[in-house]
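Worksheet: one structure, shown below.
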Amino acid sequence: HHGHHGLKHLFKKWDAHKGKGKGHNHGDGHQWLLKPRKLLWLMAQLHLSEALTAESAVGLWVHMLPKAVEFIGSDLGEAGRKLRKKLPDIMSVFQNLLAAANQTEGLENFETLIMQLLVSEGDGVRDPDADATAGEFLIAMLTAVADLSFEKQVQFFGAFYELHKESLHELLNSWKSWCWPMPMDHCGVTCDACGSAPLPGLRFKCTSCENYDLCSGCFLKKQSLNDAKCADHTFNLIPVDWANVWWKKKDCGMQEEWTACKHASNMWMAGGCEEGKGKNKGKFKGKCKGKRASVEADIATPWV
């Protein structure tokens, strides 16, 4: 175990990120994905469309990590409050994160951070700064991963996915009874590395190279693709081809399913499940009854 000197080093690294959170544009405009429930919604759609793979999950997490550091760092107290509220229910997440860290060179301080977090939580009832303290430990853990090389981040999240896959799929399966799947391919787009067409799942678009798109699996290999020209390039994430969703909804008779999914999704994002209104009143009552509690019981993303 590393002592307080290692922790001080991590917190100094976090200081370099301060000031980037509030009011900051998080790259490709997908701030909504920084909300755990909405990130889970996207993963559920990938899962329902059989497009959730180790590569798509890892690609999503690696891409969102620096944005999560900035977002969470903008209000450590609020992040810590939410973490402390959910901590009793997500211990398995931290156990698997720790196991993944133990397989990844460069994360030797991870166990110390988790243990310090749990110790501070034990004293949290008496500590008026408990929320901020929990937020600081959370951001230190995220920063430690963010400071790894791209290849090491892929290794870490790949190990975490394999360790947590069963729980993650169980969680996402609980959505099937009320959330209809959407098309998760990108019409008219081809992966410029492997040639998959239409590009399946998540689409990663290079901001430096003209018309250069990668699927999740190839995005994880970007360090060696295209003569390594894109190794240090920024990629935007295009999670859903909404035009494709619209046309398939219209052409394939998905209107009924789309309405049900839209209603259930809106109720989930709003924090509850309500009876429909207007002409669909009563139509979807009970669609997501009991599902919210089961989802909140286990946040299956690396950050809360």
Hey, what did segment 48-134 get for relative contact order, percent, Cα under 8 Å, at least 6 apart?
40 percent
Using a 1.4 Å probe on the protein heavy atoms, what percent of the accessible area of segment 170-245 belongs to carbon and sulfur?
49 percent
More than 17 Å apart - percent of Cα-Cα pairs taken over segment 176-239:
38 percent
Distance from segment 134-175 to segment 187-222 (C-alpha centre basis), Å:
23 Å
Kindly state, to the nearest 0.05, the FRET efficiency for Cys194 paired with Asn102, given R0 = 45 Å and r defined as their beta-carbon distance.
0.90
23 Å Cα-Cα threshold exceeded, pairs from Lys35/Lys85; Lys38/Lys222; Lys86/Lys205; Lys176/Lys205; Lys82/Lys222; Lys38/Lys165
Lys38/Lys222; Lys86/Lys205; Lys176/Lys205; Lys82/Lys222
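The values are calculated or read from the model by the stated rules, or taken from the named source; none is laboratory data. Bear in mind that the values here come from a model prediction, so they are computed numbers and not experimental data. As a convention, Cβ positions derive from the backbone with ideal geometry for all residues, glycine included, and neighbour counts pool all protein chains shown. Ligands, DNA and RNA are excluded from the accessible area calculation, which covers all protein heavy atoms including side chains. Shrake-Rupley method; radii C 1.70, N 1.55, O 1.52, S 1.80 Å.
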